[in-house]
Amino acid sequence: MRPIPARGSAAQAATRLQRLKPLGPASAAAAEPRVHSRYGATLLLLPILALVPSSRLAAQCPDGTPPPCAAPAARAPTPAPPPNSVAVLYFDNLSRDTADAYVAEGLTEELIARLGQVHRLRVKSRAAVERHRGAGRDPAFLGRALGVAHLLNGSVRRSGPRLRVTVELVRAATGDRVWGDQYDRTDADLLVLQEDIARAVVAAIAGRLLPAERASLATRPTVDPAAYASYLRGHYYLAQRSRRAVARAIEEYEAAVRLDPGFTAALARIAYGYALFLDWDWDYPGLPAESVLSRGLAASERALRQDSATSDAWMARGYLFSFRHPGTFEGAPEAFERAIRLDPQNAEGYHQYGWILSQLGTDSAAVATYGRALAREPDRAITLRDLAVQHMMQHRFDEALRWLDSTLVVYPAFYQAYSDRARLRLQLGDRARARADAETAVRLAPDGDPWGVTALGLVQLADGDSAGARARPEPFLRELDQGVRRPNAIDVYLTCALLVALGEHDRALALLERFQPRGPRLWYFIQAPEFDALRGHPRFQRLVEESRPPGAPR
């Protein structure tokens, strides 16, 4: 599901991006996992003090200069958030049935979307708010963390066919209530309810609604309440990003379209769901990959016939074109550019376009496009991580490390980023921290996932445990030989990286040669530093040339 970005001027967006520079060494150290205790700071300090001569302690200022010490510089006060800024916190589901969680989540995300249409407001994105889910409800803390003046929170409780929705707008700095209400409605009233809440919030923060704002808030994606309920359930499942959940999301969106054939937004989400199946190389129940692609393209075409100005449909279409033309990505850049022109605040569109540009070999354009995604949503962990990988591919390891540190501050459970950082630290010779990251990746990743397994195998090899490292890729290779799995770009990349490190070059090359089709996806991954040992091998050079995208540098 596409996160709804915050509004703001180009200058404000640029300022946010400047604040989001990669973490420096001090911040990176703070991002390391730590064991906290009541006396942790003292216990850590005592061994360090014991190693420092007392004369040096007495004769040196905190900044390293001799006495007399200068007064510490006053810390610049944190600027007050804009008075028209607001974050919609995820509503609590107070219903007995956890299956009703989709109502609370859907209501939250649709309110973010609706309020984001009002240009006089600055609305925090879903991604930014989600980072602080479960962090408590202290208004002052959340206001500072999110950089907003107002917080909107609420709860949903179902009783039979009726919903009780309680909502409250508070001033973040003080916790004072600005506005609140309680609504007793039915499922059929959800569309009207969102409009009522959005109007009240805009009026409380910005004053009387302008005619254009009133018209925008009154726009509804469908008039069918049952179709809308299925649409919200689709959002709920799509956000989970698992094979089973995305399949369920597609089913819900398709149910919505059956109830309302003109439901363009649901059609766009169907197309995007099928694109995710192709990108993650999931098997769709009962469908070969060619049929998944055909269904996704058909949904995007139908959506665009109904409304050619639907940004999400163009974004899904660009995503799908990269699979329709895997050797060239023909049509994908143009579709993404159209999506972004239609919705310049579409952070997901910028991110996916950056990923396409990365695989096409246009590095500077990719980095700039990722930057535009972060200007709209500074907390996008996947974009921070992809920027790190982009720098890794260019052998700019110190910069890549800072971006990965930033990624894991934003999303501490991102196991792929721990795997990336472990492999990066091996490149930098930091085996101890590489092992800690690899073990964390294994602990957080699903069973059998290659990200942690590969990183830990590389660490074991660096530590001299070649037998342990050799055992790591064998389960995957057996499944591949038995036809249980088919090679995809990620699995091939990670497994071959470990095989190359083990010196099994012929085996790595044989696996790379099995990957089809040749094209930008394979070309991108074999730029990784783990393949440097193969650069001069004729078989590897042939793979590079067969996969090189049109116009990519040599």
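Since every read-out is calculated from the coordinates, none of them should be taken as a lab result. Note that the structure is predicted; figures quoted are calculated from it, not measured. Here the Cβ is made from the backbone with ideal geometry for all residues, glycine too, and neighbour counts use every protein chain on show.
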Response to the item:
Interchain or sequence-distant (5+) residues whose placed amide H lies within less than 5 Å of the amide H of H150 are S85, V86, A87, A172
Worksheet item: Given Cα pairs under 8 Å that are at least 6 residues apart, what percent is the relative contact order of the chain?
Response: 11
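Please rank F336, F141, F323, fewest neighbouring Cβ atoms within 10 Å first, as an exposure proxy.
On the way: F336 27, F141 13, F323 22.
Neighbour counts put them in this order, fewest first: F141, F323, F336.
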Worksheet item: What ranking of M392, M315 emerges when the number of other C-beta atoms within 10 Å of each C-beta is taken as an exposure proxy, fewest first?
Response: M392, M315
Worksheet entry | Net charge dipole size for the chain [Lys, Arg +1 and Asp, Glu -1 on Cβ; Debye, nearest 20] | 1040
Worksheet item: What is the magnitude of the charge dipole of the stretch 344-412 about its Cα centre, with +1 placed on the Cβ of each Lys and Arg, -1 on the Cβ of each Asp and Glu, and no other charges, expressed in debye to the nearest 20?
Response: 80
Fill in: Nearest-20 debye value, the stretch 221-327 charge dipole, Cβ charges on Lys, Arg, Asp, Glu
80
Worksheet, complete the sentence: For the stretch 344-412, Rg(Cα) over 2.2 N^0.38 Å is 1.01
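Given 10 °C and 1.306 mPa s, compute D for the stretch 447-486 with the Stokes-Einstein relation, Rh being the Kirkwood radius over Cα pairs; round to the nearest whole µm²/s.
Working: Rh = 10.5 Å.
Using the Kirkwood radius from Cα pairs, D works out to 151 µm²/s.
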Worksheet item: Once the dipole of the chain is set up with Lys and Arg at +1 and Asp and Glu at -1 on Cβ about the Cα centre, which of L456, G327, A80 lies farthest towards its positive end?
Response: A80
Item to complete: Restrict the search to the stretch 217-303; then list the chymotrypsin sites (Phe, Trp or Tyr not before Pro) that DSSP places in a loop and that have at most 13 other Cβ atoms within 10 Å of their Cβ.
Response: W280
Fill in: MRE, 222 nm, helices only [DSSP H, n ≥ 4, -39500 (n - 2.57), over the chain, to nearest 500]
-18000 deg cm²/dmol
Practice prompt. Would you kindly compute the Cα radius of gyration of the stretch 158-198 and its largest Cα-Cα separation (Dmax), both in Å?
Written response: 12.4, 38
Worksheet item: Taking only the alpha carbons of the stretch 169-234, what extent do you get along each of the three principal axes, in Å, biggest first?
Response: 40, 26, 21
Worksheet, complete the sentence: At 10 °C in a medium of viscosity 1.306 mPa s, the stretch 462-554 has a Stokes-Einstein diffusion coefficient, with Rh taken as the Kirkwood radius over alpha carbon pairs, in µm² per second, of 116
Response to the item:
Along the stretch 355-365, Karplus-curve 3J(HN,Hα) (6.51, -1.76, 1.60; θ = phi - 60°) to the nearest Hz, with x for Gly and Pro, reads 5, 4, 5, 4, 6, 7, x, 8, 4, 5, 5
Discussion item. I need the peptides 327-333, 544-550 ranked by packing, meaning the mean over residues of other C-beta atoms within 10 angstrom, with the highest value on top.
Written reply: 327-333, 544-550
Worksheet item: Going by how many other Cβ atoms sit within 10 Å of their own, how do E252, E195 line up, fewest first?
Response: E195, E252
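Can you give the relative contact order of the stretch 411-554 as a percent, counting alpha carbon pairs under 8 Å and 6+ residues apart?
Values: 163 pairs, mean separation 23.2, N = 144.
Computed value for the stretch 411-554: 16 percent relative contact order.
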Fill in: the chain: mean projected area of Cα convex hull, nm²
29.8
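Please give the FRET efficiency for Q306 paired with R258, using the beta carbon to beta carbon distance and R0 = 22 Å, rounded to the nearest 0.05. Intermediate results must be reported in sequence, preceding the final value.
On the way: r = 15 Å, r/R0 = 0.69.
Approximately 0.90, to the nearest 0.05.
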